[in-house]
Amino acid sequence: MPQDDRDAEAPEPVEPTASARGRGRPRKGEGRDHREERKFPRILGALRESRGYSQSELSTSLEMTPAYLSQLATGSKVPRPETIDRLATALDLSEEETRKLHLAAARDMGFRLDLPDDF
């Protein structure tokens, strides 16, 4: 038994979990960040720039908020297939470019795809 407070072991500090902090997601910087690995933002950015659009111009033409387009461009959000089709139409993408964008988004969501070239 401890003689006084100096002999007592202090409990290890415990980092509160996301739910203990009242949020359902980890703090910024916690956990693994997959954005560096995402292909969709890189491909979208290259296609947008090759067509001469700024993010602001593209969001206006799509009637999409600039914030949402920015989230797609940074990889913090992955678009639904319908959104990719809207992007493809606005950017006047070829079938191959549209397919590439769809595949990148699906892979970014964790799908493993081994589709034939004529998909």
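Being charged (D, E, K, R), at pLDDT 65 or above, on the phi < 0 side of the Ramachandran plot and not in a loop (DSSP other than H, G, I, E, B) is a property that R112 lacks.
Pairs are defined by a Cβ separation below 6 Å, a sequence spacing of at least 6 or placement on different chains, a first member in the range 86-103 that is surrounded by 18 or more Cβ atoms within 10 Å (Cβ to Cβ), and a second member that is basic (K, R); the pairs so defined are L91/R51. Looking for something surrounded by 15 or more Cβ atoms within 10 Å (Cβ to Cβ), among the β-branched types (V, I, T) and over 14 Å from R42 (Cα atoms) - is there at least one such residue anywhere in the range 62-83? Yes, the range 62-83 contains a residue that is surrounded by 15 or more Cβ atoms within 10 Å (Cβ to Cβ), among the β-branched types (V, I, T) and over 14 Å from R42 (Cα atoms). If you filter the range 80-109 down to residues that are acidic (D, E) and at pLDDT 95 or above, you find that the one that is farthest from E49 (Cα to Cα) is E82. A single member of R27, R35 is under 20 Å from the mean Cα position of the chain (by Cα), within 23 Å of A104 (Cβ to Cβ) and modelled with pLDDT under 90, and it is R35.
For residues that are in a loop (DSSP other than H, G, I, E, B) and over 14 Å from the mean Cα position of the chain (by Cα), tally how many sit in the range 51-105. Break it down stepwise before answering.
Residues of the range 51-105 that are in a loop (DSSP other than H, G, I, E, B), as a first pass: 51-54, 63-65, 75-80, 92-94.
Right, trim to over 14 Å from the mean Cα position of the chain (by Cα) and you get 51-54, 63-65, 92-94.
Count: 10.
The values are calculated or read from the model by the stated rules, or taken from the named source; none is laboratory data. Not measured: the values here are computed from a predicted model. Quick reminder, even Gly has a Cβ in these numbers, built from the backbone with ideal geometry, and neighbours come from all protein chains shown.
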